[in-house]
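Below is one structure; the comments refer to it alone.
Values quoted throughout were computed directly from the atomic coordinates according to the rules given, and no laboratory measurement underlies them. Since this is a predicted model, take the numbers as computed values, not measurements. Because the Cβ atoms are built from the backbone with ideal geometry, glycine has one as well, and the counts that use them run over all protein chains shown.
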Amino acid sequence: MATDTAEYTLSELMVTAAAREIADGEVVFVGMRLPLLGFLLAKRTHAPDAVGVYELGIVRDTPAPEPILTMGDLPNLFRAKWLSDTSDVMGLLQNGTVDVSFIGGAQVDRFGNLNTSYIMNSGKIATRLPGSGGACDLAGLAGRHIIIMAHEKHRFVSKVDYITSPGYGNGAGWREKSGLPGGGPSAVITSSGIMKFDPVSKEMLLVSIHPGVTLRNILDNTGWPLKTADTLEETPVPTEHELKMLRELDPDGYWTGR
Amino acid sequence: MATDTAEYTLSELMVTAAAREIADGEVVFVGMRLPLLGFLLAKRTHAPDAVGVYELGIVRDTPAPEPILTMGDLPNLFRAKWLSDTSDVMGLLQNGTVDVSFIGGAQVDRFGNLNTSYIMNSGKIATRLPGSGGACDLAGLAGRHIIIMAHEKHRFVSKVDYITSPGYGNGAGWREKSGLPGGGPSAVITSSGIMKFDPVSKEMLLVSIHPGVTLRNILDNTGWPLKTADTLEETPVPTEHELKMLRELDPDGYWTGR
Amino acid sequence: MAPASKLMSLSEAIKQYVPDGAEAVMGTSLETLIPFAAGHEIIRQRKKNLTLIGPISDILFDMLIGAGCVRKTRAAWIGNVITGSSYNFRRAAEEGTLETEDHSNLTISMALKAGAMGVPFMPAFTALGSDLYKTNQSLKKITCPFTGILLTAVSAINPDVAIIHAQRSDEYGNAHLWGNLGVTREACLSSRHIIITAEEIVSPYVIESDPNRVITPGFRVNAVVHVPWGAHPSPVPGYYNRDHDAFIEYRNDSKTPEVFEKWLRLRVDNIKNSDDYLRLLGKERISKLKLRKQMISEPVNYGY
Amino acid sequence: MAPASKLMSLSEAIKQYVPDGAEAVMGTSLETLIPFAAGHEIIRQRKKNLTLIGPISDILFDMLIGAGCVRKTRAAWIGNVITGSSYNFRRAAEEGTLETEDHSNLTISMALKAGAMGVPFMPAFTALGSDLYKTNQSLKKITCPFTGILLTAVSAINPDVAIIHAQRSDEYGNAHLWGNLGVTREACLSSRHIIITAEEIVSPYVIESDPNRVITPGFRVNAVVHVPWGAHPSPVPGYYNRDHDAFIEYRNDSKTPEVFEKWLRLRVDNIKNSDDYLRLLGKERISKLKLRKQMISEPVNYGY
């Protein structure tokens, strides 16, 4: 794995890359933790008209006036555009209003299925994780979703032990067969690089490597023979402006680990 | 039909009889027009702790501070206990919270089925009535419901042309077979008398005749051979207190026709 | 950061978002906040073949039917709440020129709720045993997969446009609506377009001071129109009482097609704007409808 | 006309309405308004075999599990929002002493909505393709009777009791709650009993000044308890901010059963009332959590 440079941390790079996946004007269903920060950064930089929808019943189109650690922090309610029920905002997700959502994960597989529920070991529960929260809903119902997580071998497995949040299942045609209306994962942003999905096979495809990380390093930390795009790019580093904004949003480095 | 006396009008007698069907503390789903008045009268007399639930999304346990003609009149919102969605109050109805409801009707049959939709004439629409509103819901879902209407031969028919609000269908066991959770009609209060339903056959049964009305008169104005209870009572007239309260609620006699 | 204003004239809003043949949901708060002004503009523009969706409508649908704008209704009740049946609806339905889908208040609210939630149906126990099944293709019997018991499945309705009268809105479509809500929340969430007519246009700051009062997220609203007295003769909490006389007068003014034509000309076609409307209504009547007793909400704090 | 007051002590409310084996829904606003004080009282009374129902719970469920009160959870997420996994939950689930029914936020909200609406299930598109089906018997696949497409049916949940923290309530259970509402409205309507803990007890007049702000009809509420700071360390709109440090400290204080026992004694068992709790918290911390920036809602008028 790449080590932190003096200029930015890996987490800052990840959040910046995530933010760049949001287009201006899009409706974004914002998950907790790193995804929350990615959305706020996008709002402050290239996507000022993006609208944030939060599962606890919040819609807002301006960043919270103070740094927040959870989406329920009072600054995130202050001058919100709508305070409402979870079922209302889940309705927005399910009826096709939400363009994109962000999900963190503990375990992901080659078809982008996420596990945040159970890590198994020879048929027994080895680790009980917190569960879905809204992740299963976001993965199933948003127009597309973006996965953010650490790139470690035990997290990148050929097949997840439990599908909490469906990606492309076992490949082409699986989502349609399963009856999922949303588009599925469009990108996986990790501590080492960025992956997208082959439009036909729906298998994960490495497209970008973070500065200081080697291809070898990524392949060694992926639990299956990870395919790579024809031309591999280097992930653009955060701009000074992005870093400045990000540090205003997370001044103590709680999420971005400075 | 009985004519109005100096002391009270037929409508006043009907509303009073309706009000008496409400027990104190009951949750009442209040329909529009005469039922609205019946509920308000009960609140002002023997059932001060009755709670009123209104289909447009209102719960209140005090009478409106001024006479109202519709449940949406602003005095009915003033100091309400809850202003909410129609689906919320329909939930209270459907989940068993509502004890009793009141329904007016254009046409009723021997098993208490109500028609407020279509009067037919040899297969063609003779009269298009306004439709269900909440009546179908109230008849299907309330713990019991009370019907209030004019006693006229063309309204009291052997079989309604169209079941808008189900009573006991074609008799014993029909509601259960239809899957209706609510109890069905418990009384029919008309301009001539009061009918209840045979506990076994579910057929309508005359139990009380209004002062000045004859049994003959009622039978002549009923479109099937109406059964009568073993002992027929005379409907108690409104008390002075009831009349006083009622006239405060409908000072211009809009509903009670003075 | 500075989104485009959605403020426009009533005529422009109806022109843009209520094309001939549209499915429009109106009167979603039942007896309050009925968007009469918007309905009158639809009549002035003589829209054709509309499908009107709503719970009870209280004479608004009758006006639109009488003016020849309507092909079909999907409603629970169409009439005049304090006088009973309404004449244009009766005439059209009895003559067979109007198609009607018969709902109850619960089925229409579930149809819109299904649309709002993005599912094709919602289950309910109502309508079982009733003949609504005969005159409403949106109802089907289903059995619960867990309990095996019988239920009504109500098919989703996703109207082309929701027309909502609210007390106050900012120019971006964030509107405060209070009082009984009826099916307004689900009607907004289920509709493809939303027109807000409002008693007052206020600054976003006013709206953002109370986000729980916002009826639907403004980013989904397409048009905001300033229409004082836009729900008259229905009542608007915080603004004016119900004009009962108008409903009684309308009963008489719609008894025959001939008197209704006169009414249409006088009360709708000849009206160019709110000022015209209020002038015709008259000062005395207006002042009689105004609130005489106030009840101001206890403030709450959304600080941090 | 003068209904009985429902005001009682927290201990009395929990004793009466949370018997051993009860199904209780808590934490219905997700990250805000979590009824921690009520949860701590359940621990003090060492209730047994509870089923806890809720969307995300943010450490409250973890505390109750650690104290041995819980047989089963029906939840979407159980952990510590800003630190991740929570230890008591992990231990119990990994050792097999806790039964878990795995929901998503949408399935739990539909389960409660079904309960609120009095229907045995609600349809949704979520969970399809996921393994939630393997660890949640409340989900079944169905096909839409109109479109034939595949859906998830979520079985209704009707909890024995909803425990709701609100900002202010009258003594009859009419409570104002503002901020994000989560699944609170459906949780109240679906539950057989309701306990309201409130920051303030106010006169009915205050509540009636704004009936749209009432979270559920008071006639269905069974107990009203005055508990200032009753949601700490979660935030309460209008009252106090989230105490992030408390969540981080709890992470450390629950890492092993031994440290958790100490935490329980100090922070729960030794606390007799709000005063004790606030004393332990300390003046400095309390003042740090108070609102520094105000945002007062624009009033509305419910007159006539």
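Considering only C:Glu258, C:Glu23, C:Glu41, the Gaussian network model of chain C with Cα springs below 10 Å gives its largest mean-square fluctuation to C:Glu258. Between A:Ser84, A:Ser132, A:Ser191, find the one with the highest GNM mean-square fluctuation for chain A; connect C-alpha pairs within less than 10 Å. Result for chain A, Cα springs under 10 Å: A:Ser84 fluctuates most. What share of Cα pairs, in percent, lie more than 13 angstrom apart in the range C:137-204? Result: 71 percent of Cα pairs exceed 13 Å. Distance between Cα centroids, the range A:164-213 to the range D:4-61: provide it in whole Å. Computed from Cα coordinates, the inter-centre distance equals 41 Å. DSSP assigns beta bridges within chain D; of those with both partners inside it, close to 35 percent run antiparallel. Taking the Cα centre of the protein assembly as shown as origin and assigning +1 to Lys and Arg Cβ atoms and -1 to Asp and Glu Cβ atoms, the resulting dipole is close to 1100 debye. The packing ranking of peptides D:89-95, D:287-293, highest mean first, is D:89-95, D:287-293, where packing means the average number of other beta carbon atoms within 10 angstrom of each residue.
Relative intensity of the range C:7-166 on a log10 scale, I(q)/I(0) at q = 0.17, 0.20 Å⁻¹, equals -0.99, -1.29, per a Debye sum over C-alpha point scatterers of equal strength in the absence of solvent.
Of all the Cα-Cα pairs you can form in the range C:1-99, what percent are over 17 Å apart? Here the tail beyond 17 Å accounts for 49 percent of pairs.
Estimated purely from DSSP H runs of n ≥ 4, each contributing -39500 (n - 2.57), the mean residue ellipticity at 222 nm for chain A is -6500 deg cm²/dmol once divided by its residues. Once divided by 2.2 N^0.38 Å, the Cα radius of gyration of the range B:115-258 becomes 1.14.
For the options C:Ile149, C:Ile42, C:Ile157, a Gaussian network treatment of chain C with springs between C-alpha atoms closer than 10 Å singles out C:Ile149 as fluctuating the most. The spread of Cα positions in the range A:146-203, taken along each principal axis and listed from longest to shortest, comes to 32, 23, 17 Å.
Please grab the % of Cα pairs in the range C:134-271 that end up more than 25 Å from each other. The proportion of pairs with Cα distances above 25 Å equals 48 percent. Where both residues lie in the protein assembly as shown, what percent of DSSP beta bridges are antiparallel, nearest 5? Roughly 40 percent of the beta bridges in the protein assembly as shown run antiparallel, per DSSP.
In this simple spin-label approximation, D:Arg192 and B:Ala229 carry label points 7 Å from Cα along the Cα→Cβ vector, and these lie 3.5 nm apart. Electrostatic bookkeeping for A:Ile58 treats Lys and Arg as +1 and Asp and Glu as -1; over the other residues with beta carbon under 12 Å from its beta carbon, the sum is -3. Position C:Asn49: other-copy label points at 6.5 nm, ordered by increasing distance, label point 7 Å along Cα→C-beta. Modelled spin-label separation between D:Thr256 and C:Arg46, with each label point placed 7 Å from Cα along the Cα-to-Cβ direction: 8.7 nm.
Simple rule: put +1 on each Lys or Arg Cβ and -1 on each Asp or Glu Cβ in the range B:117-232, find the dipole, and look at B:Trp224, B:Ser201, B:Pro181; the Cα lying farthest toward the positive end is B:Trp224. Taking every residue in C:234-244 and counting other chain Cβ atoms within 10 Å of its Cβ, the average works out to 5.
Mean per-residue shielding of peptide A:248-255 is 1, counting Cβ atoms of other chains within 10 Å of each Cβ. Measuring spread by the Cα atoms of chain D yields a radius of gyration and Dmax of 19.3, 62 Å. In a solvent-free Debye calculation with one equal scatterer on each Cα, what is log10 I(q)/I(0) for the protein assembly as shown at q = 0.08, 0.09 Å⁻¹, listed in the order of the q values? Ignoring solvent entirely, the Cα scatterers give -0.83, -1.04. With the helix formula -39500 (n - 2.57) applied to DSSP H stretches of n ≥ 4, chain D reaches a computed 222 nm mean residue ellipticity of -8000 deg cm²/dmol.
Seen from D:Lys72, the other residues with C-beta closer than 9 Å to its C-beta sum to a net charge of -1, counting Lys and Arg as +1 and Asp and Glu as -1. Computing Rg and the Kirkwood Rh from the Cα coordinates of the range C:63-148 gives a ratio, Rg/Rh, of 1.04.
Charge tally around A:Val27: other residues with Cβ under 13 Å, Lys/Arg +1 each, Asp/Glu -1 each, net 0.
Here D:Lys290 is the anchor, and the aspartates and glutamates within straight C-alpha reach of less than 16 Å, apart from those fewer than 8 places off in the same chain, are A:Glu66, A:Asp73, D:Glu199, D:Glu200, D:Asp243, D:Asp245. For chain A, a crude dipole built from +1 on the beta carbon of Lys and Arg and -1 on the beta carbon of Asp and Glu, taken about the Cα centre, is about 700 debye to the nearest 20.
Pairs from the list C:Lys72/C:Lys134; B:Lys43/C:Lys255; C:Lys140/D:Lys141 with a Cα-Cα gap above 27 Å: B:Lys43/C:Lys255.
Across the alpha-carbon atoms of the range C:86-208, the computed radius of gyration and Dmax are 17.9, 53 angstrom.
For the pair B:Ala23 and A:Ser122, a Förster radius of 56 Å applied to the C-beta separation gives a FRET efficiency near 0.30, rounded to the nearest 0.05. Averaging over all projection directions, the Cα-based convex hull of chain A occupies 13.4 nm² in the image plane. Beta-bridge orientation, the range C:158-200: approximately 20 percent antiparallel, per DSSP, counting only bridges with both partners inside. Only Lys, Arg, Asp and Glu carry charge here, each on its Cβ (+1 for the first two, -1 for the last two); on that basis the range A:1-153 has a dipole of about 360 debye about its Cα centre. For the range D:206-281, the pair-distance distribution built from all alpha carbon pairs, in bins 10 Å wide starting at 0, is 15, 35, 29, 17, 4, 0 percent. Over the range D:41-92, the reciprocal of the mean inverse Cα-Cα separation, the Kirkwood hydrodynamic radius, stands at 10.8 Å.
The modelled label-to-label distance between C:Lys134 and D:Ser203, using points 7 Å beyond Cα along the C-beta direction, is 5.7 nm. Across peptide D:87-95, the average count of Cβ atoms from other chains found within 10 Å of a residue's Cβ is 3.
Here B:Asn170 and C:Ala4 are evaluated by their C-beta separation; at R0 = 60 Å the FRET efficiency comes out at 0.50. In nanometres and ascending order, the distances from the D:Ala4 label point to those of the other copies are 6.2 (point 7 Å from Cα along Cα→Cβ).
Note on D:Leu266/A:Asp252: beta-carbon distance plugged into 1/(1 + (r/R0)^6) with R0 of 30 Å gives a FRET efficiency of 0.65. In nanometres and ascending order, the distances from the A:Glu152 label point to those of the other copies are 8.1 (point 7 Å from Cα along Cα→Cβ).
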